[in-house]
Amino acid sequence: MTSGGRTTGDVVRELCLAVPGSEEVLSHGSPGFRVAGKSFATYTVNHHGDGRVALNIASPPGVQQLLTETGPDGYFIPPYVGPRGWLGIELNKGLDWQEIARLVREAYEHVAPASLLSELPATPVIEPPDIAMAPEDIDPFLRGRARDIVGRTGELCAKLPQTSETVQFGSPVWKAGKKTFAGVHHSDGRLQLHIWVGVERQSLMTEDPRYHIPAYTGHNGWIGLDVEDYVDWKEVRALLLDSYRHFALKRMLRQLGDAT
């Protein structure tokens with residue numbers, strides 16, 4: 001393949017799809033690769049705010065321990081799948097791409113059926129990516145637009161009694177006491193404000209295309225508002241206040257009443 005315009009994601013796909021029967025699937029928002037229904041690799045960028053550009057692979061027994069203990073910087077034990085022996089590879093730490101290709105091949109061989117292994121071609125020569133990832137490509141909350149949204153949301157939340165800002169799974173969230181009542185998230189390339197509105201309000205609100213019911217929390221009455229291109233801050237303030245009222249303790253609501 002000729003060089004030019006190759007991102008890290010492009011090279012990962014080249015590696016993982018160059019073996020028989022491999023297919024790409026979306027797994028928890030990240031590209032995953034499997035063969036005969038079994039996963040052998042997952043590509044993640046800033047997974048839960050870890051700051052890594054990583055390829056997690058289903059390594060054979062012993063490889064994870066060997067490389068994380070004695071190998072060069074860039075190998076790690078990934079969350080969730082690490083206890084099953086998977087190996088994490090940081091792709092922006094200068095590791096040799098031909099070595100990465102070899103490890104991907106081993107992961108494939110570890111899970112692929114024998115019928116496909118007989119068709120396995122030689123490991124291709126891999127050209128490294130020639131498009132570098134900027135810090136904001138790894139962490140979208142470094143973008144100016146994201147900093148503005150988070151900052152203004154934080155200002156509104158700070159006006160409510162006993163609130164605090166923290167980070168959960170890489171996203172800024174705001175708590176009323178100990179309970180989260182709002183968060184700014186980045187999904188599918190867009191910024192979203194998540195707040196609680198109650199299940200009974202969701203269907204009406206989602207008639208507006210800016211709103212959607214988020215995975216994982218939607219069944220508990222949360223909703224997502226797209227704030228990538230436009231924000232009505234009066235609308236956001238009302239949503240934040242409603243969500244805060246739902247989670248705040250009685251003493252906090254009394255303080256809120258005194259303040260207003």
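Scan around residue 181 for amide H atoms under 5 Å from its own, H built in the peptide plane at 1.01 Å from N, and keep only partners 5 or more places away or cross-chain.
174, 175, 176
Can you pull the percent of Cα pairs in the range 105-260 with separation above 19 Å?
For the range 105-260, the share of Cα pairs beyond 19 Å comes to 62 percent.
Return one whole number: the accessible area per residue of the range 101-182 in Å², for a 1.4 Å probe.
54
Could you work out which residue, out of 75, 43, 230, moves most in a Gaussian network model of the chain, that is, has the largest mean-square fluctuation with Cα springs under 10 Å?
230
Under 30 Å from the Cα of residue 179, which lysines turn up, not counting those fewer than eight places away in the same chain?
Leaving aside lysines fewer than 8 places away in the same chain, those within reach of residue 179 are 159, 234, 250.
Charges at C-beta only: +1 for Lys and Arg, -1 for Asp and Glu. How large is the resulting dipole of the range 119-260 about its Cα centre, in Debye rounded to 20?
Taking the Cα centre of the range 119-260 as origin, the dipole is about 1240 debye.
Say a site is exposed when it is one of the GluC sites (Glu not before Pro), sits in a DSSP loop, and has at most 16 other Cβ atoms within 10 Å; what is then the longest site-free stretch of the chain? Could the numbers behind the result be given before it?
Numbers: sites that count: 119, 207, 228.
My reading of the result: 1-118 is the longest stretch.
Top mean-square fluctuation among 144, 189, 82, Gaussian network model of the chain, C-alpha springs under 10 Å?
189
Computed from these coordinates, which is Cα extents along the principal axes in Å: [x] 51, 45, 38; [y] 65, 41, 38; [z] 72, 37, 33?
Correct label, based on the coordinates given: [z].
With all protein chains present, how much of the accessible area of the chain (probe radius 1.4 Å) comes from carbon and sulfur, to the nearest whole percent?
On the chain, the fraction of accessible area on carbon and sulfur atoms equals 53 percent.
Using only the alpha-carbon atoms of the range 46-134 as identical scatterers, what base-10 log of I(q)/I(0) does the Debye formula give at q = 0.10, 0.13, 0.25 Å⁻¹?
Each listed q maps to, in turn, -0.28, -0.47, -1.34.
Taking only DSSP H segments of four or more residues, each worth -39500 (n - 2.57), what value at 222 nm results for the chain once the sum is divided by all its residues, to the nearest 500 deg cm²/dmol?
Helices in the chain give a 222 nm mean residue ellipticity of -9500 deg cm²/dmol.
How far apart, in nm, are two points set 7 Å out from the Cα along the Cα-to-Cβ line at residue 169 and at residue 232?
Reported label-point gap for residue 169 and residue 232 is 2.8 nm.
May I ask you to evaluate 6.51 cos²θ - 1.76 cosθ + 1.60, the Karplus curve with θ = phi - 60°, for each residue of the range 202-207 and list the ³J(HN,Hα) values in order in whole Hz, giving x for glycine and proline?
4, 4, 5, 5, 6, 5
Can you give me the angle between helix 144-158 and the longest principal axis of the chain, using Cα atoms only, in degrees from 0 to 90, rounded to the nearest 10?
Helix 144-158 sits at roughly 40 degrees to that axis.
Which shape class, rounded, prolate or oblate, goes with the range 135-182 when its Cα gyration tensor gives a ≥ b ≥ c as root eigenvalues, a/c under 1.5 marks rounded, and past that a/b bigger than b/c marks prolate?
oblate
Any idea of residue 147's accessible area? Nearest 10 Å², probe 1.4 Å.
Here the accessible area works out near 140 Å².
Distance in nm between label sites at residue 143 and residue 253, each 7 Å beyond Cα in the beta-carbon direction?
3.8
Based on the Cβ-Cβ distance from residue 119 to residue 188, what FRET efficiency comes out when R0 is 51 Å, to the nearest 0.05?
0.90
Determine the dipole magnitude for the range 37-168: charges of +1 sit on the beta-carbon of Lys and Arg, -1 on that of Asp and Glu, nothing else is charged, the reference point is the Cα centre, and the result goes in debye to the nearest 20. The partial results should precede the final answer.
Numbers: 11 positive and 17 negative charges, 96 e Å.
The dipole magnitude comes to about 460 debye.
If you fit an axis through the alpha-carbon atoms of helix 250-259 and take the longest principal axis of the Cα set of the chain, what angle between them do you get, 0 to 90°, nearest 10?
60
Counting only C-alpha contacts under 8 Å and six or more residues apart, can you give the relative contact order of the chain as a whole percent?
That works out to 15 percent.
How tilted is helix 233-247 with respect to the longest principal axis of the chain? Cα atoms for both, answer in degrees (0 to 90, nearest 10).
Approximately 90 degrees, to the nearest 10.
If the elastic network links every pair of Cα atoms under 10 Å, which of 180, 153, 70 fluctuates the most in the Gaussian network model of the chain?
70
The values are calculated or read from the model by the stated rules, or taken from the named source; none is laboratory data. All figures in this text were calculated on a predicted structure; none of them were measured in a lab. When we count neighbours, we look across all protein chains shown, and the Cβ atoms used for this are built from the backbone with ideal geometry, even at glycine. Remember, those area values only see protein heavy atoms, side chains included, never the ligands or the DNA or RNA. Shrake-Rupley method; radii C 1.70, N 1.55, O 1.52, S 1.80 Å.
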